[in-house]
Each structure stands twice: as structure tokens, then as C-alpha cells.
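Trainee: Mind looking over this structure? Questions follow.
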Amino acid sequence: MFENLSDRLSGVFERLTKQGALSDEDVKTALREVRVALLEADVSLPVARAFVKAVQDKATGQAVTKSVTPGQQVVKIVHDELVHVLSGDDANPGEMKIDNPPAPILMVGLQGSGKTTTTAKLARRLSQRNGKRVLMASLDVNRPAAMEQLAILGQQIGVDTLPIVKGQTPVQIATRAKQQAALGGYDVYMLDTAGRLHIDDVLMDEVQSVRDVVKPRETLLVVDGLTGQDAVNVAQEFDGKIGVSGVVLTRMDGDGRGGAALSMRAITGKPIKFVGLGEKMDALEEFHPDRIAGRILG
Ligand code: GDP
């Protein structure tokens, strides 16, 4: 992820750091190139504009251009601004609020976004890394295959799934999961809601009813990172209707651009908590804005 953006920016900054003295004009020229690079990475226009303006405000003027290493100072300002746009200055965006067992986690998103896979990846992580006892349940009553998929993944990763009972509504399954989680001494129960190809009212009503019954501690929206700005639009819609606490961007292993990651926080105000980096169960990483900024700047 971010390879193209990283290549472009390293070109710009190489030229800048090679130069000894810098004028305000040199900085402006470099930042124009940064803006183009951001737009080519599919960062949304208002975010790219605000980004460049923030860097420009900090980088032009005596302190930077008259310093001994002006180019490096500019790179540092860009780095800090990248961290800011990625995290909104939240020190730990990947943190999960899952104290007070059993903590419900609601997984939402469009069909095909990677929701079921991500549910299992996260369950595995919580169980193996954090030592939590996790119960997973699929609420996708329209697609029996989706329920079976979760059960199979559960077996693979050694995480329990709620037994499938035919004919129940999503709210009934969620209620059963809640009871089972309490009775069985689970720390966390994860509800994999049904997805649709597009956002529709039936889907939203269904997820809202489930949300009202379980009162999730975390509502994680899973979006396909390859869809760029669409991912950000989907997040805005889900957040408006359901209220999400964080975002998981999937398929970031296939994305050389990364614009969705860079626009998500600034536009939706919601933190990216995790990124999916492949189909395997261990291909889920916590989102670290400082590491990502470092990766982008090479
Ligand atoms: P759902 O319909 O949203 O539940 O989507 P699934 O979880 O069934 O995932 C759809 C496809 O995307 C599956 O083939 C997954 O293996 C794949 N997938 C999910 N997450 C990732 C990811 O981070 N990277 C890649 N390359 N594939 C993923």
C-alpha cells in the first residue's frame, strides 16, 4: 500500500533535501507536487488542499527556510501532518473498548467488503494476542452460506461460533448470542451482520434493531480499501445511520494508492482501527498512523 504515493513524494523531497538554501517559492513548488501526488493517490480534494495548506503555513517563513537543513524540516512537517490526517491526533486509534465482559462488537459493511473474513481475523487476534474468550455469530439469515463460512473459519482459528438455529431473525440470533456470551463466560461476542451490495433501508433497519438490542461497545465498519473514495462515502453513510466507532480497511495488500486511508479520518472523523492485508487469518494489522506516515515517506 502507498507505493505510488511514496515513490512520488520521495522524488519531490529528494530534490528538496539536496538543495541547501530554500526560498518560500521552492517550498511552494514542492507542495504543488505533493498536492498532485495526493490527488493521484485518490485522496479527496478538500483533504489534499487542507493538507498542503497546513504544511505550507508551517513551512514557509524564516524558521524553516533559514534553518541549516530546510529540506529535512519540510519533510518533518509533512510527516507530522500525515500523522495528523491519518489519526486526527488520537494517540491510539486502534484501541478497542472491550472491558466489562461480555463486550459486544458489531461488524457492519457491504457484501464482499471482507466483513466475515475480518470478523474471524479480529476474533483470532483478540483470542490469541489479547487472551480474550470470543464468541462469534453470523446474523446473515438470507445467506446460509455466510453462516457456514463463519463457522468454518471459527473451527480453523479455534474460536467458538454460536450454533446455527434455522428460522430465527437477526435480532433473535443477536439476543441468543448475548445470552450465550454471558452464560458461557465469554469476554467478547462478535456479531457479523448481513451485507448488501448497496446501502438500502432494509439493511440499515435490520442493523439498527440489532444495535439497539445489544448496545455494541464497538461498531466496526469494514470497507474495501481498493474502492478509494467510495469507501469514504460508504463510511459516511453507515456512520450517519448506524453510528460507527471505527473502520477496518480491507485489501490494502492490493492498493498502491491508499487514498481511502488518507481521507477517511478527515472526512468521517472516524479512526481506522485495523487494515486487512490479505486473505489469510493472520493478515490483519493494527493501524499505526506514525508507521504509515513513515512508510509513505520511505
Ligand atoms: P463479506 O461478504 O463482506 O463477508 O466478504 P468476505 O469476508 O466473504 O470476503 C470476500 C473475499 O475477500 C474473500 O475471498 C476474502 O478472502 C477476501 N478478503 C477479505 N479481506 C481481504 C484482504 O484484506 N485482502 C485480500 N487480498 N482479500 C481479502
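The values are calculated or read from the model by the stated rules, or taken from the named source; none is laboratory data. Here the structure is a predicted model, which is why all the values come from computation and not from measurement. Methodologically, a virtual Cβ is constructed for each residue, glycine included, from the backbone with ideal geometry; neighbour enumeration extends over all protein chains shown. All accessible areas refer to the heavy atoms of the entire protein, side chains included, with ligands and DNA or RNA removed. Shrake-Rupley method; radii C 1.70, N 1.55, O 1.52, S 1.80 Å.
Trainee: Round to the nearest 10 and report in Å² the accessible area of THR117, as given by a 1.4 Å probe over the protein chains' heavy atoms.
Mentor: Around 40 Å² of this residue is reachable by solvent.
Trainee: Divide by every residue of the chain the summed helix terms, -39500 (n - 2.57) for each DSSP H run of at least 4, and state the resulting mean residue ellipticity at 222 nm, rounded to the nearest 500 deg cm²/dmol.
Mentor: -17000 deg cm²/dmol
Trainee: Follow-up. What are the trypsin sites (Lys or Arg not before Pro) within region 166-240 that DSSP puts in a loop, where the Cβ has at most 16 other Cβ atoms within 10 Å?
Mentor: Values: sites: LYS166, ARG176, LYS178, ARG196, ARG211, ARG217; in loops: LYS166, ARG196, ARG217.
In loop regions of region 166-240 (DSSP not H, G, I, E or B), the sparsely surrounded trypsin sites (Lys or Arg not before Pro) are LYS166, ARG196.
Trainee: With all protein chains present, calculate the accessible area of LEU45 using a 1.4 Å probe and round the result to the nearest 10 Å².
Mentor: Looks like 70 Å² after rounding.
Trainee: Let me ask something additional. Taking just the C-alpha trace of region 139-236, give me its Rg and Dmax in Å.
Mentor: For region 139-236, the Cα radius of gyration and maximum Cα-Cα distance read 14.3, 43 Å.
Trainee: What is the P(r) of region 178-298, as percent of Cα-Cα pairs per 5 Å bin from 0?
Mentor: In order of increasing distance, the bins hold 2, 10, 19, 21, 19, 14, 8, 4, 2, 0 percent.
Trainee: A further question on this structure: For the chain, what is the percent of antiparallel DSSP beta bridges, rounded to the nearest 5? Walk me through the numbers on the way to the answer.
Mentor: Numbers: 3 of 28 bridges.
Just about 10 percent of them are antiparallel.
Trainee: Something else about it: Per residue, how much accessible area does the chain have with a 1.4 Å probe, in Å²? Walk me through the numbers before you get to the answer.
Mentor: Details: 13320 Å² over 298 residues.
Value returned for the chain: 45 Å² of accessible area per residue.
Trainee: Output the Cα-based Rg and Dmax of region 1-140 in Å, rounding Rg to one decimal and Dmax to a whole number.
Mentor: According to the Cα coordinates of region 1-140, Rg and Dmax are 21.1, 62 Å.
Trainee: In the chain, which longest range has no GluC sites (Glu not before Pro) that are both DSSP loop (not H, G, I, E or B) and surrounded by at most 16 other Cβ atoms within 10 Å?
Mentor: Within the chain, the longest run free of exposed GluC sites (Glu not before Pro) spans 96-278.
Trainee: Sticking with this structure for a sec: In whole Hz, with x marking every Gly and Pro, tabulate ³J(HN,Hα) for region 283-298 from phi via Karplus 6.51 cos²θ - 1.76 cosθ + 1.60, θ = phi - 60°.
Mentor: Couplings: 8, 9, 10, 5, 8, 10, x, 5, 5, 5, 4, x, 5, 5, 8, x Hz.
Trainee: Build a GNM of the chain with springs between Cα atoms under 10 Å: which of VAL210, VAL27, VAL223 gets the top mean-square fluctuation?
Mentor: Among VAL210, VAL27, VAL223, the largest GNM mean-square fluctuation belongs to VAL27.
Trainee: List the lysines whose Cα sits under 27 Å from the Cα of LYS97, skipping any in the same chain fewer than 8 residues away.
Mentor: LYS115, LYS121, LYS132, LYS178, LYS215, LYS241, LYS270, LYS273, LYS280
Trainee: How big is the equivalent ellipsoid of the chain along its three axes, where each semi-axis is √(5λ) from the Cα gyration tensor, reported in whole Å from largest to smallest? Present the calculation step by step, with values, prior to reporting the outcome.
Mentor: Numbers: eigenvalues 356, 60, 48 Å².
Semi-axes (√(5λ), whole Å): 42, 17, 15.
Trainee: In whole percent, how big is the carbon plus sulfur part of the accessible area of the chain, probe 1.4 Å, protein atoms only?
Mentor: The C+S portion of the solvent-accessible surface of the chain is 49 percent.
Trainee: At 1.4 Å probe size, put HIS288, HIS198, HIS84 in order of accessible surface, largest to smallest.
Mentor: HIS198, HIS84, HIS288
Trainee: Step by step: find N for region 92-182, compute 2.2 N^0.38 Å, then divide the Cα radius of gyration by it. What's the final number? Write out the running numbers ahead of the final one.
Mentor: On the way: Rg = 12.9 Å, N = 91, 2.2 N^0.38 = 12.2 Å.
Rg over 2.2 N^0.38 Å, computed on Cα atoms: 1.05.
Trainee: Counting only residues 5 or more places away or on other chains, whose amide H sits under 5 Å from the amide H of SER44 once H atoms are built in the peptide plane?
Mentor: Those lying under 5 Å, H to H, from SER44 are SER263.
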